[in-house]
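The block underneath contains the structure these notes are about, expressed in structure tokens.
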Amino acid sequence: MAARLPENERERLAALRDHHILDTPKDQVFDDLVRLAANICGAPIAAISLVDEHRQWFKSMLGLDVRETSRDLSFCAHTILQSDLLLVSDTHQDPRFAGNPFVTGEPRVRFYAGAPLITDEGFALGALCVIGGTPRTLSSEQEDALRLLARQVTSQIKAVRQIAEKEALLVERERLVAEQEYLITEREQAEAERSRLATIVESSDDAIYSVALDRRITSWNRGAERLYGYSAADIVGKTVHLLIPMESVAEFDELMRRVECIEDVPPVETVRLTMTGARLDVSLRISSVLNADGEIVGVSMIARDISERKRGESVLQAEREFTEAMLATMQEGIVACDAEGRLTLFNHAAKEIHGLPFQPLPPEEWGDHFGLFESDGITPMRPQDIPLFRALQGETVRQEEMVVWPADGLPRTILASGRAIHDGAGQKLGAVVALHDITARRQNEMELARLAAIVESSEEAILAATLDGVLVSWNLGAERIYGYNAAEMIGQNVAVLARAASSKPFPIAVAQILRGEAPSRVEVLRRRKDGGEFYASLSFSPIRDTMGRVIGVSCITRDITATKRAEEALAESEARLRRLTDAAFEGIAITRNGILVDVSPAFAVMFGHRVPADMLGQEATILAAPASRHLVAHKISTNDEEPYEATLTRRDGSTFQAELRGRVIHLGGHLARVTAVRDISERKAMEAELHARAEQLRRSEAALRALLESAPVILYAADSHGVITLSEGKGLAALGLEPGETVGRSLFDFSGGDVEVENNTRRALAGEAVSYDARVYGLCLHTELRPVRGVDGAFVGITGVCFDVTERVASEERFRVLFEESSDAHLLFDDSGVIDCNDAAVTMLRCPDKTQILSMNPSSMSPEFQPDGQYSQEKWGTMEGQARETGFHRFEWIYQKMDGEEFPVEVALTPVTLANNSVLLAVWHDLTERKRVEDLTREHAIILEIQNGQLAVVNAELEALAASDGLTGLKNHRVFQERLADEISRAARYESALSVVLLDVDHFKQFNDSYGHPAGDAVLKVVASILRENARDMDLVARYGGEEFVLILPQTELEGALAFAERLRECIELHAWPLRSVTASFGVAGLRSKTDGGADLIERADTALYQSKRSGRNCVIGDVPIGGSDLSPSIIR
């Protein structure tokens, strides 16, 4: 439990503090007394404890590494309540201590004996105690010895107090003598100072004048005469309000009130009036004027003209606001950083591109934070590859493509350009980049490339020709189908592809297009390069210019040879089969899964039936006699095609011998078996022919079936009434239909109500060949309808083939929109000048219509000279030659509008062939806005360079002020702490030595009191100069505080640091001091292990410094380890 407080606690604490012994360094005398007490009493632990208000503090401790504990846990707090020893033989048995944490825990105290330390005045300051870990008692001799040692401790404490009091008296005496000398010197210096100040005031460029408390001017220097225009004779004695505008009177009165109340008044910027009434911007500093008794008798005022600075600030502010407004409205992103790589500028466009607000991040965090990738949009950009970082390294970055992909946004393709920024002296200030978003342009280029790739990779031949038939384009599909490459065909007439001169589908299509009609799809024979011929389906469409005029025709050629062959083979096979079955003398039967699905009349007659329909649906095996039924069933089930003999049964039960031959065919999408039955005597001769015909029919059907299953087409047939008899093909799936599903239904059921589809169907049913495109059930289908006629030439039905052309139509529409809605100017030139242009060209040149542009020459649209000094006419000829030589050329050009205004464009020049003539297609992209932004960017870069240069100078000054001591110019305490931490880390990393030297100017307070603070400041400056001159470049010299200085000595052992400190001490002592000699005391400490921290090093150096002062001052003491554990000072005189 905690001890109660003594009755005289307040007086006891005051006496304890009067002895000035709390928190003092260790003292060998007290340590010896503690060690003696422990030896006499045979205790492992002994201490001198001083009981403070809330703690017990150990002046000396043996056996424990502790300097103080809480008073509530203190045994000695109980000892000071007694006049004699406090003996606790077993703490476990004493209720005051049984629950004490020092008893229940470490160091597990079981025995305590303490003698109070009582002063002559009767105050118990603490105790001398011995402590053990086992229960015990003391002998009477040990008790007497403990009392005796406690009195010795008290006497030593008293001696310490007396020494301190004597030193204080000596210091006071020296102070009084110095003060008397100082007062005499001060009076002499005051007179000289007054004279000097009067000279300074009179010769100052600033206006300096005094004002009495009644607001009347009492003094007026020449600077005031120059600033305000009044002479001293004119103004002295008059009110100061003559100089103050009405709106500033209240402000002035408030300043005077604050000065009269002895408040600190900082300089203010205000307005004052000259003798002529002109207004001046001035910086005004006001301070009080005191008499000898310290009373305020007036104020002094120092005014400085700041009109020029104000005007400069106004101009600078306007320029800054203009720059900020320009950056905020620029469409290009602007990003800048300082010389250390910290982001300093991020305009509005840059924030939109990156999708993130501005943050002053270092370069290594730019890529991850802002989502920066290489141009492929996949590879993260390394910090050293980021354009801004490259510009900071001195590289000029031009049009560098990259991708910005924020974590929560869409990727953007960017062109980055930038460079480093330097001040007028060539010092690097930072870097800036401009970011141009080309995402939309890249997407358009990709879409155009994709569409061009679709056309180029099409399996169909896609051609383009002028109206007179001259070919101007030829894709890879055309090369595959016709065998000619593009170089062979471009410039040739389409007539070379016709089979005969009489075949003229192209002129017919041109005539239809020019009449405003939709050109018909035609099927013709075409000739390949190797002379071979093929069936082709030709589809024509017009090519229009930007004015909507037809300038050519595109033709899509599809090789339909296989389809035509299949149609012909199918028709021939069906007709032949029907003729054979109807006219054959033998019986023919078709079975599916063993059931009769069709029989010939001869077959029906052979089995005694009048019509074939009577036999349909029967099982084939019942036609066999019982003896042959198993054989017939086996042949049917195994699809055996070998002829065999069997006994068959007629309707009337009679039997006959027949030879049967069966074969499996594909019929209506299913497997079926055709069986020929004949009398052996009559059919022997016809067997070979029947087999050949059956084999040919099978191959035709198989080929047709393979075509229908693989090609995306629909093949159907209908009778003369439009009833569907066949529907096959992979293309049915796109309409949600299965093969054969529409059989038996009318063609008009699938027209979707489209009048054009129904009219074309009626034309086909009237015997006309029809081709047309129509949209059915959301798909765009190209349909070819052909009449089918019997052997007698009579119309019996139609066949139809449908091709899905939805994607092709969509592609053509996209091409048309891209051409017609382009915002860039498109112009066609030949040797005579412009032959055509789009509306964007008319707008760009500010013409009423295109008629004024036609026939103009490029040189007539341009100024006489281009920016590089070349004649426009000559340079255009060079550009045209490059375009014709390489097939494409892009360059920048200056044109003139009709009103004479010049404007820059980017020209893409491409030679093309049109109407059998070689012309040039020029695409203009207006660069006016981009050039304007580039000019603004350059202007802004110049402004930024100027501002950053000014900012760098101010920052350097601020940094120097923040790191330096204002009086001595040495590094300040903050810089010292930062450098010490760095040097300790470096010493630990490289296992090198490190030492610290602390020094304190001796008797500095007395010097200040004797000679004044200015003289003391001069001493500190000289000491700082001595330290700086003797230190190495790698050393740090800093002002630690007051009259204390500190030095960090890297790579210096303690021995070397002691020698260096001694040299500094001698330099200070031997310096020619003007007033009196000045000395300093030094404490030196070095690193002992890697675990030492800055606080440990400073504490040991400070302890050594304290010992230096205790040892008589003007000496060097080092913190030297003795015996590997304890410390002992090493004194160098």
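Laid out as a table, the results:
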{"quantity": "Residue that is farther than 15 Å from residue 435 by Cα and surrounded by 14 or more Cβ atoms within 10 Å (Cβ to Cβ), where the choices are 338, 376", "calculated": "338"}
{"quantity": "Residue count, the range 486-536 (criterion: aliphatic (A, V, I, L, M), in a strand (DSSP E or B) and more than 60 Å from the chain's Cα centre (by Cα))", "calculated": "3"}
{"quantity": "Residue count for the range 560-574, restricted to those that are in a helix (DSSP H, G or I) and either of a type in the set (Asp, Glu) or modelled with pLDDT of 70 or more (or both)", "calculated": "9"}
{"quantity": "Pairs with Cβ under 6 Å, 6+ apart, first in the range 669-681 and farther than 7 Å from residue 658 by Cα, second modelled with pLDDT of 70 or more and among the β-branched types (Val, Ile, Thr)", "calculated": "671/664; 672/590; 672/665; 673/591; 673/664; 674/590; 674/665; 676/588"}
{"quantity": "Boolean, residue 45 is in contact (Cβ under 8 Å) with a residue 24 or more places away in the chain, closer than 18 Å to residue 163 by Cβ and not assigned by TED's automatic domain parsing to the domain that holds residue 1105", "calculated": "no"}
{"quantity": "Any hit, the range 202-223, residues being hydroxyl-bearing (Ser, Thr, Tyr), within 60 Å of the chain's Cα centre (by Cα) and in a loop (DSSP other than H, G, I, E, B)", "calculated": "yes"}
{"quantity": "Residue count for the range 482-522, restricted to those that are among the hydrophobic types (A, V, I, L, M, F, W, C), within 14 Å of residue 537 (Cα to Cα) and surrounded by fewer than 19 Cβ atoms within 10 Å (Cβ to Cβ)", "calculated": "2"}
{"quantity": "Options 557, 546: the member that is at pLDDT below 85 and of a type in the set (Ser, Thr, Tyr)", "calculated": "546"}
{"quantity": "Given (1) touching a Phe, Trp or Tyr at 6+ places or on another chain (Cβ under 6 Å); (2) at pLDDT below 80, index of the condition residue 727 fails", "calculated": "(2)"}
{"quantity": "Among residues of the range 1089-1118, those that are without any contact (Cβ under 8 Å) to a residue 60 or more places away in the chain, under 20 Å from residue 979 (Cβ atoms) and touching an Asp or Glu at 6+ places or on another chain (Cβ under 8 Å), counted", "calculated": "1"}
{"quantity": "Residue 35, sole failed condition from (1) touching a helix residue (DSSP H, G or I) at 6+ places or on another chain (Cβ under 9 Å); (2) under 30 Å from residue 1104 (Cα atoms); (3) outside any strand (DSSP E or B)", "calculated": "(1)"}
{"quantity": "Count - residues of the range 1060-1091 that are among the small types (Gly, Ala, Ser) and over 17 Å from residue 1036 (Cβ atoms)", "calculated": "5"}
{"quantity": "Test: residue in the range 1043-1057 that is surrounded by 20 or more Cβ atoms within 10 Å (Cβ to Cβ), polar (S, T, N, Q) and under 24 Å from residue 985 (Cβ atoms)", "calculated": "yes"}
{"quantity": "Subset of the range 941-955 [surrounded by 15 or more Cβ atoms within 10 Å (Cβ to Cβ) and modelled with pLDDT of 75 or more]", "calculated": "945"}
{"quantity": "Top-ranked residue of the range 162-220 - restricted to ones that are charged (D, E, K, R) and modelled with pLDDT under 75, ranked as surrounded by the most Cβ atoms within 10 Å (Cβ to Cβ)", "calculated": "186"}
{"quantity": "Residue list for the range 630-658, filter: charged (D, E, K, R) and surrounded by fewer than 18 Cβ atoms within 10 Å (Cβ to Cβ)", "calculated": "640, 641, 642, 645, 650, 651, 652"}
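The values are calculated or read from the model by the stated rules, or taken from the named source; none is laboratory data. Predicted model, so just to flag it, every value in this text is computed and none were measured. Here Cβ is always computed from backbone atoms with ideal geometry, including for glycine, and neighbour counts include all displayed protein chains.
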